[in-house]
Amino acid sequence: MSRWTDPEAWEALLSAEGCPICRDGGPTSVIAELEASWVVMGEAALPLPGTCALFFRRHAVELHELTAEEGAAFMRDAQRLSRALKSASGAVKMNYEVHGNTIPHLHMHFFPRYPGDPFENAPINPRLAPADDRTVAEHVEIRRRLIAALAPGAGEFPAA
Ligand SMILES: [Zn+2]
């Protein structure tokens, strides 16, 4: 049964008290803390090396729940991560997704796209292409570069 067809369970997840991210004090696999959010990147790779996510630090479900200042801070973090990840991965294009259908704590997924990737000219569907040893090795290297680029004191990129 989908969580959406169980209104009580879904309502609980929408609250900070019932949110697994907030209950645990934050997500796992945090590699950097930015102005208003955490950068989350595991070591297991999805079929697109460099895949990661940006989690807003306070509990919020929808983008429109952020104050104007929070929204601006979240966008500054998204731009900083996007710029660093594009550089670290050599992506030809960055893709972004905001869902929250299973964990309704505001977060944005980042997917570097590559020529010849399994979803070229199409949306991403990780179920269609499992990661292999090569993509895992590439992911680990991109993760190392991204941690260095986002570390406190690392050179800030000039605003565009
Ligand atoms: Zn939460």
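The values are calculated or read from the model by the stated rules, or taken from the named source; none is laboratory data. The structure presented is a predicted model; accordingly, all values stated were derived computationally and were not measured. In this analysis, Cβ positions are derived from the backbone assuming ideal geometry, glycine residues included, and neighbour counts consider all displayed protein chains. Please note that ligands, DNA and RNA were not included when accessible areas were found on the heavy atoms of the full protein model with its side chains. Shrake-Rupley method; radii C 1.70, N 1.55, O 1.52, S 1.80 Å.
What is the magnitude of the charge dipole of the chain about its Cα centre, with +1 placed on the Cβ of each Lys and Arg, -1 on the Cβ of each Asp and Glu, and no other charges, expressed in debye to the nearest 20?
540 debye
Accessible area per residue of the chain at 1.4 Å probe, in Å²?
Details: 9100 Å² over 160 residues.
Normalised by residue count, the accessible surface of the chain is 57 Å².
Compute the helix-to-body angle for 68-89: its Cα long axis versus the longest principal axis of the chain, expressed 0 to 90° and rounded to tens.
30 degrees
Could you tell me what fraction of 2.2 N^0.38 Å the Cα radius of gyration of the chain comes to, as a two-decimal ratio?
1.07
Could you work out what % of the accessible surface of the stretch 28-136 is carbon and sulfur, using a 1.4 angstrom probe and leaving DNA, RNA and ligands out of the count?
Ligands and nucleic acids excluded, carbon and sulfur give 54 percent.
Pick from GLY116, GLY26, GLY18 the residue whose mean-square fluctuation is largest in a GNM of the chain, springs joining Cα atoms under 10 Å.
Comparing GLY116, GLY26, GLY18 in a Gaussian network model of the chain, the most mobile one is GLY116.
Helix 133-150 sits at what angle to the longest principal axis of the chain, using alpha carbons and giving 0 to 90 degrees rounded to 10?
Helix 133-150 sits at roughly 80 degrees to that axis.
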